[in-house]
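Quick one: the structure is below, and I'll ask about it shortly.
The values are calculated or read from the model by the stated rules, or taken from the named source; none is laboratory data. Note that the structure is a prediction, hence the values are computed from the model and not measured. When we count neighbours, we look across all protein chains shown, and the Cβ atoms used for this are built from the backbone with ideal geometry, even at glycine. When the accessible area is computed, the model is the full protein with side chains, heavy atoms only, and any ligands, DNA or RNA have been set aside. Shrake-Rupley method; radii C 1.70, N 1.55, O 1.52, S 1.80 Å.
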Number of protein chains: 2
Amino acid sequence: MYDVGKRAGVSSATVSFILNGRGSGGDRISEETRQRVYRAIAELGYVPNQSARALRRQKTDRVCLVIPQIGTPFSDGLANSVQSVAEAHGYSLILSMSGGRERERHVFEQLRRGLADGAVLFDPEHLTNEELAQLAHAGVALVVQCNRVQGTNFDVVKIDEIKALQDAVRYLYDHGRRRVAFLFNVTESGIQEERLQSYWQTWRELGVPILESFVLRNVGRLREQVYRSVSKLLQSSERPDTIMAGSDMFAISAVWAIRDAGLRVPEDIAVIGIGNIPEGEITHPPLTTVGVVTPTFGDLTGLLFSRLASPVPLDGRVMTRQWELILRGSA
Amino acid sequence: MYDVGKRAGVSSATVSFILNGRGSGGDRISEETRQRVYRAIAELGYVPNQSARALRRQKTDRVCLVIPQIGTPFSDGLANSVQSVAEAHGYSLILSMSGGRERERHVFEQLRRGLADGAVLFDPEHLTNEELAQLAHAGVALVVQCNRVQGTNFDVVKIDEIKALQDAVRYLYDHGRRRVAFLFNVTESGIQEERLQSYWQTWRELGVPILESFVLRNVGRLREQVYRSVSKLLQSSERPDTIMAGSDMFAISAVWAIRDAGLRVPEDIAVIGIGNIPEGEITHPPLTTVGVVTPTFGDLTGLLFSRLASPVPLDGRVMTRQWELILRGSA
DNA sequence: TCAATTTGGTTATTCGTTTTACCTAATTTA
DNA sequence: TAAATTAGGTAAAACGAATAACCAAATTGA
């Protein structure tokens, strides 16, 4: 910057004023000088240093989106959404993967060290309320999607699944379903178990017994594995008339298995998923599922940028999204 | 840092020496002082500022992975691979999406401004050789996966598709296939057209005519759209005995359509994909395709970190991966 | 016993910007 | 015509850490 100034015959301060447009004394530069400086910048191929700028202004002009793992249908949409809004506000987006305890801590540390001005944390598994508060206290605008946490200096978006899960069970009950199978994976976070419990208890309240042999707790991650689990289930002497899956992908695999076994969905076996992923709309039959109808992308970005824009520290806001039962063809 | 020093009764330089371990005079601190400083750090919740550190050291300890769009099967694996290696080398990974001209330029600008010490650019569409050279000249360790570019101060990984595509055609020809349909999408980059041309020309050299009605140039992005296009194709009076798809996903949708039409794969119609995505292994039948057997993840990360580690500027290296015909069940 | 060395630090400069406070010459006002 | 204003800058002090150069006291060596 000093070099640019020297070449244009001005001081480095003048260059800075020109580049940053209207500041405290920034609009008082003659057109002539301006042109000379621009020429010098072009000739030298000068580019301002972001670290220095961030250090001086105490602002990085970056926001960070933290997702456990890219490659899920949800992360894709969320990332695109946040990136668009970020760029519209003059921020650039940094994506970070936080899958696993190690990585989550690592990202947390990076944010503490000033990686970005704000962050959206999607489903942090290991961070405590205190740590999040600490981060927010350090000046990072924080929005967290998580049912576990709450804070006074950052925002939280929660998902209320319970009611929709109960609705699903009641719907199936009302349509005469009584022989219910479950497809799940036991995971570290235990979110799947919670859903199973919720389903299970609702059935019990309705007086419908659950056969232990109908509860598959480890169907695997690959489609093929799920397919095989379900195929085996269908060969048992007494087969279920309903399959409640822990995710839409499991549900889709289940539909394949059922159709390949010569049975009809939903006439012979009803299938219901969880999550409402886009793929569910184009399967045959389209998938009945439980999830958010409108994704929470907008909520998260809205909270983040209102927080970034606010001159005074905002206190913690909480938004709750209700999940809904989305009736399509498979149940 | 100064505050930490004051609390521990030492200067800020001492704190710095302790935090950075062995530097020019860093190992000469007594255990006693060390403990006092650590305590002060903990009590104050001090965390070093990354911008200041980067400014002084001219090094960010970050690498950036630039992908057009997350959510593709490839990007997922690549990101995980790079992140693991990066963290093992003491770097943190920043992910950036460069889809579209605007975003690609934006990421380029960020890198010029010193976002990271090194970057892997995956399939940049709009960047020129000069711009890449400029970026590398600015001190960014650069590895680019792209067939279009070459440089003397950055590394390039190229994919040689041609031979494998020809192998595929020849294989089909040898197995008596003569009525060939193509499934493609016209894209901005024109990569799909290139592949089509390559296929097409090989068939012509073998003296097999291509029916224009068998060339579908706009099958859409959604599975359902592809499915419908293929279903319609199958209803024509003279149906193809071979479908060459522009991607594995198209191929998978084609298989569904064929089976739902009561035909067999590969007996009635052979299907071949491009890309070798993981899903291809678990379909029924497993998908015959053209692609890399071992992913190029290792090449890219290897080149990047050897470049970052090298004390002298390396000249441009080029690696070429051959695509191969991967015979599975669908052709 | 006195110079040489080691121990355990400190001081001051630097990285590349931004920004406040100040300055001088030219122009306007009364 | 002198005072006040304005136009068009400049100088210098931050921001928070890293590091080269220096230094005083304690220890060692011959």
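Averaged across the residues of B:39-49, what count of C-beta atoms belonging to other chains lies within 10 Å of each residue's C-beta? Mind showing how you got there, number by number?
On the way: counts 0, 0, 0, 0, 0, 0, 4, 0, 8, 3, 7.
What the average comes to for B:39-49 is 2.
Using the Cα atoms of region A:98-210 to build a convex hull, what is its mean projected area in square nanometres? Don't skip to the answer; put the middle values down first.
On the way: hull surface 32.9 nm².
Directional mean of the projected Cα hull area for region A:98-210 stands at 8.2 nm².
Straight-line reach from residue B:232: which aspartates and glutamates fall under 19 Å, measuring Cα to Cα and dropping same-chain residues less than 8 apart?
Of all the aspartates and glutamates, those that pass the test against residue B:232 - Cα under 19 Å, at least 8 places apart if same chain - are B:212, B:224, B:241, B:260, B:268.
Given 0.36 nm per residue, what is the gain on full extension from residue B:31 to residue B:189 after removing their alpha carbon distance, in nm? Before the final figure, lay out each step's value.
Details: separation 158, 0.36 × 158 = 56.88 nm, distance 6.07 nm.
Residue separation times 0.36 nm, minus the Cα-Cα distance, leaves 50.8 nm.
In addition: Just want to confirm a number: the relative contact order over chain B, from Cα pairs under 8 angstrom separated by 6+ residues, in percent.
Numbers: 560 pairs, mean separation 50.6, N = 331.
Relative contact order here is 15 percent.
Continuing with the same structure: Residue by residue through region A:271-281, what is 3J(HN,Hα) from phi via Karplus (6.51 cos²θ - 1.76 cosθ + 1.60, θ = phi - 60°)? Round to whole Hz and write x for glycine and proline.
So the J values, rounded to whole Hz, are 10, 9, x, 9, x, 6, 7, x, 4, x, 7.
Run the simple label-point estimate for residue A:221 and residue B:212 please: 7 Å along Cα→C-beta, distance reported in nm.
Placing both labels 7 Å along Cα→Cβ, they lie 4.9 nm apart.
Is there a quick way to get the dipole size of region B:162-291? I mean about its Cα centre, with the Cβ of Lys and Arg at +1 and of Asp and Glu at -1; what is the value in debye to the nearest 20? The partial results should precede the final answer.
Numbers: 15 positive and 16 negative charges, 47 e Å.
Roughly 220 debye for region B:162-291.
At a Cα cut-off below 24 Å, give the lysines reachable from residue B:59, other chains included and same-chain residues fewer than 8 away excluded.
Counting by Cα, and skipping residues close in sequence, residue B:59 has these lysines nearby: A:59.
Among all the aspartates and glutamates, which ones have a C-alpha under 15 Å from residue B:163's C-alpha, if same-chain residues fewer than 8 places away are not counted?
Within the straight-line cut-off, residue B:163 pairs with B:194, B:205, B:324.
Report the net charge of residues surrounding residue A:292, where surrounding means a beta-carbon distance below 12 angstrom and charges are Lys +1, Arg +1, Asp -1, Glu -1. Kindly include the intermediate steps, with their values, before the conclusion.
Numbers: positive: A:158, A:321; negative: A:160, A:161, A:299, A:324.
It works out to a net charge of -2.
Okay, next question. Apply the Karplus curve 6.51 cos²θ - 1.76 cosθ + 1.60, θ = phi - 60°, to the phi angles in region B:147-158 and return the couplings in whole Hz, x for Gly and Pro.
7, 7, 10, 7, x, 9, 10, 9, 9, 10, 10, 10
Mind checking A:109-117 for the average number of partner chain beta-carbons within 10 Å of each residue's beta-carbon?
Numbers: counts 3, 6, 2, 5, 10, 8, 5, 0, 0.
Mean shielding count: 4.
Whenever you get a sec, line up A:167, B:61 from highest to lowest accessible area (probe 1.4 Å, protein heavy atoms). Don't skip to the end; give the middle numbers.
On the way: A:167 55, B:61 35 Å².
Per-residue accessible area, sorted high to low, gives A:167, B:61.
Rounded, prolate or oblate: pick one for chain A, where a ≥ b ≥ c are the square roots of the eigenvalues of its C-alpha gyration tensor, a/c under 1.5 means rounded, and failing that, prolate if a/b is larger than b/c, else oblate. Provide the component values of the computation, followed by the final result.
Details: a/c = 3.29, a/b = 2.67, b/c = 1.23.
Verdict is prolate for chain A.
Further question on the same structure: For Cα pairs less than 8 Å apart in space and 6+ apart in sequence, what is the mean separation divided by the residue count of region A:2-48, i.e. the relative contact order in percent? Spell out each step's value before the answer.
On the way: 35 pairs, mean separation 17.7, N = 47.
Result for region A:2-48 is 38 percent.
For chain B, set up a Gaussian network in which alpha carbons nearer than 10 Å are linked by springs, and say which option among B:309, B:133, B:168 fluctuates the most.
Top of the fluctuation ranking is B:309.
What fraction of the DSSP beta bridges in chain B is antiparallel, stated in percent and rounded to the nearest 5?
Values: 4 of 39 bridges.
Counting only bridges with both partners in chain B, antiparallel ones make up about 10 percent.
Cα gyration tensor of the protein assembly as shown, axes a ≥ b ≥ c as square roots of the eigenvalues: rounded (a/c below 1.5), prolate (a/b > b/c) or oblate?
On the way: a/c = 2.20, a/b = 1.34, b/c = 1.64.
Judged from the Cα gyration tensor, the protein assembly as shown comes out oblate (a/c at least 1.5, b/c at or above a/b).
Amide H neighbours of residue A:328 under 5 Å, counting only residues 5+ apart in sequence or on other chains, H built in-plane at 1.01 Å?
Result for residue A:328 returns A:288, A:289.
What are the ³J(HN,Hα) values, in whole Hz, obtained from phi via the Karplus relation 6.51 cos²θ - 1.76 cosθ + 1.60 with θ = phi - 60°, for each residue of region B:321-327 in sequence order, with x given for Gly and Pro?
Coupling constants for region B:321-327: 9, 7, 6, 10, 7, 10, 7 Hz.
Taking amide hydrogens as modeled 1.01 Å from N in the peptide plane, which residues meet the under 5 Å criterion relative to residue A:64, leaving out close sequence neighbours?
A:94, A:118, A:119, A:120
Shifting gears a bit: What fraction of the DSSP beta bridges in region A:162-291 is antiparallel, stated in percent and rounded to the nearest 5? Walk me through the numbers on the way to the answer.
Details: 1 of 13 bridges.
Counting only bridges with both partners in region A:162-291, antiparallel ones make up about 10 percent.
Partner chain Cβ atoms within 10 Å, averaged over the residues of A:6-16 - can you pull that number for me?
On the way: counts 0, 0, 0, 0, 0, 0, 0, 0, 0, 0, 0.
The shielding value for this peptide is 0.
Same structure again: Looking only at B:58, B:110, B:35, which one moves most when chain B is put into a Gaussian network model with springs between Cα atoms under 10 Å?
In this elastic network of chain B, the residue with the biggest mean-square fluctuation among B:58, B:110, B:35 is B:35.
Percent relative contact order of region A:214-280, based on C-alpha pairs within less than 8 angstrom and at least six residues apart? Don't skip to the end; give the middle numbers.
Details: 79 pairs, mean separation 22.1, N = 67.
Normalised by residue count, the contact order of region A:214-280 is 33 percent.
For the protein assembly as shown, what proportion of DSSP beta bridges, expressed in % and rounded to the nearest 5, is antiparallel? Don't skip to the answer; put the middle values down first.
Working: 9 of 79 bridges.
Counting DSSP beta bridges with both partners in the protein assembly as shown, the antiparallel share is about 10 percent.
Name the most mobile residue of B:212, B:130, B:193, meaning the one with the largest mean-square fluctuation, in a Gaussian network model of chain B with Cα contacts below 10 Å.
The residue with the greatest mean-square fluctuation here is B:212.
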